Amino acid sequence: MIPVDERWWREYRSIDDVVVYEVDVSEDDRREALAAHILDEEEWERSQRFVFPGPRRRFALCRSALRSILCLRIGCSNDDLKLGATDQEKPYAIVRNEPIEFGFNVSHSGDYGLIAIGEAPALGVDVEFRRHHPNLDLLVSTVLSPDEKAQIASVNDLGEKNNLFFDFWTVKEAVLKAVGVGMSGPEPSEIEVPREMREGSRSCITQFRQISARNWRLVNLGTSKFAAALAYMVD
C-alpha cells in the first residue's frame, strides 16, 4: 500500500459513523503510476478505455484510493478485494468471496474526489466542481422541483445561480446514488432538497416518500471551490 506521506487522499469529514475522504485527482505522473499498480487487471483495462486523459486519471486515482482505504478498514490484502456494481449502479465489495456489510460511495469532478464509507448500506456522496454551466436553464427546468426553480429564479447573479443549482443537484444525486436505483427510480425533480437546507442549514434529517419510510441524513459538504453532499439512511 501507499506510504502515508505519499497518499493523495486524506480524511475530510466524519459524521456519525461515516468517514468522508477527499481525493486529489489533479495531474501528477508519480501518483498516476502508483495508482496503476493498485488497480486490478479489469480496472486497469477499464481505465484505458477512457478516451480523454482527465476521466482516465480521475478514475484511476479515486479507484486506487478506494481500494487502499477499504483494505486498511477491512484488514485485507489488495489481491483479496474485488469491487463491482449492481445493475442498479450501486457499488459493492467482496473479500475472499464474502460481501462486506458496510456502505461506500465515490464521486469526482474537476480536481476533486470524495469517498464516503459508513455502516449504513444505503449511502451516497456527490461532488461537483463549481463552474459556469452553459446549459443551466435547461437543467433547472428538467431536474428541479417547483419550489427549487422558484428559488433559483429569485437570484439575479449568474454565479450565485450556478452555485445554488450545484448545491441542490449534489443533494439529489447523493440520495439517488445511495438508493442505487439507476434508471428505474424517481426523477431528480421528485427528490426535493428540504426547506431547511435550501435556507442555509448544512445538515438535516428528512424522508423521501418516493423511496421509503426510512429517515435520511443529508449533509452539505461543499466549499467555495466545489459543491458536495452526503446522504445516508439513519434509524
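The values are calculated or read from the model by the stated rules, or taken from the named source; none is laboratory data. Keep in mind the model is a prediction, meaning the values are calculated, not measured. Cβ placement follows ideal geometry from the backbone for every residue including glycine, while neighbour counts extend to all protein chains displayed. Just the protein is used for accessible areas: all its heavy atoms, side chains included, with ligands, DNA and RNA removed. Shrake-Rupley method; radii C 1.70, N 1.55, O 1.52, S 1.80 Å.
Just so you know, in the stretch 48-64 the residues that are in a helix (DSSP H, G or I) and surrounded by fewer than 21 Cβ atoms within 10 Å (Cβ to Cβ) include one that is farthest from the chain's Cα centre (by Cα), and it is GLN48.
Only one entry in ILE2, ILE94, ILE69 is in a strand (DSSP E or B) and either in contact (Cβ under 8 Å) with a residue 60 or more places away in the chain or closer than 29 Å to TRP216 by Cβ (or both), namely ILE94.
When SER141 is tested against (1) assigned to a helix (DSSP H, G or I); (2) in contact with a Lys or Arg (Cβ under 8 Å, 6 or more places away or on another chain); (3) more than 30 Å from PHE168 (Cα to Cα); (4) open to solvent by 20 Å² or more (accessible area, probe 1.4 Å), only condition (3) is not met. Being among the β-branched types (Val, Ile, Thr), touching a Gly at 6+ places or on another chain (Cβ under 9 Å) and outside the structural domain of PRO91 (by TED's automatic domain parsing) is a property that VAL175 has.
Any chance the stretch 137-154 includes a residue that's at negative phi and touching a strand residue (DSSP E or B) at 6+ places or on another chain (Cβ under 7 Å)?
Step one: list which residues in the stretch 137-154 are at negative phi, which gives 137-154.
Cutting the leftovers down to touching a strand residue (DSSP E or B) at 6+ places or on another chain (Cβ under 7 Å) gives us none.
No, there is no match, as no residue in the stretch 137-154 is at negative phi and touching a strand residue (DSSP E or B) at 6+ places or on another chain (Cβ under 7 Å).
Per the conditions (1) touching a Gly at 6+ places or on another chain (Cβ under 6 Å); (2) open to solvent by 80 Å² or more (accessible area, probe 1.4 Å); (3) within 19 Å of SER14 (Cα to Cα), the sole criterion not satisfied by GLN88 is (3).
Among the residues making up the stretch 26-47, those that are in a helix (DSSP H, G or I) and open to solvent by less than 100 Å² (accessible area, probe 1.4 Å) are ARG31, GLU32, ALA33, LEU34, ALA35, ALA36, ILE38, GLU43, GLU45, SER47.
Assess whether GLU190 counts as being open to solvent by 10 Å² or more (accessible area, probe 1.4 Å), in contact with a strand residue (DSSP E or B) (Cβ under 6 Å, 6 or more places away or on another chain) and under 22 Å from ASN105 (Cβ atoms). For GLU190, the condition - open to solvent by 10 Å² or more (accessible area, probe 1.4 Å), in contact with a strand residue (DSSP E or B) (Cβ under 6 Å, 6 or more places away or on another chain) and under 22 Å from ASN105 (Cβ atoms) - is not met.
The rows are residues; the columns are (1) within 23 Å of ASN105 (Cα to Cα); (2) open to solvent by 30 Å² or more (accessible area, probe 1.4 Å); (3) at pLDDT 95 or above.
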residue: ASN135; (1), (2), (3): no, yes, no
residue: GLN151; (1), (2), (3): no, yes, yes
residue: GLY159; (1), (2), (3): no, yes, no
residue: PHE168; (1), (2), (3): yes, no, yes
residue: VAL171; (1), (2), (3): yes, no, yes
residue: MET183; (1), (2), (3): yes, yes, no
residue: GLY200; (1), (2), (3): no, yes, no
residue: CYS204; (1), (2), (3): yes, no, yes
residue: ARG217; (1), (2), (3): yes, yes, yes
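Residue check: VAL125 meets all listed conditions (1) within 30 Å of TRP8 (Cβ to Cβ); (2) more than 22 Å from the chain's Cα centre (by Cα) but one, namely (2).
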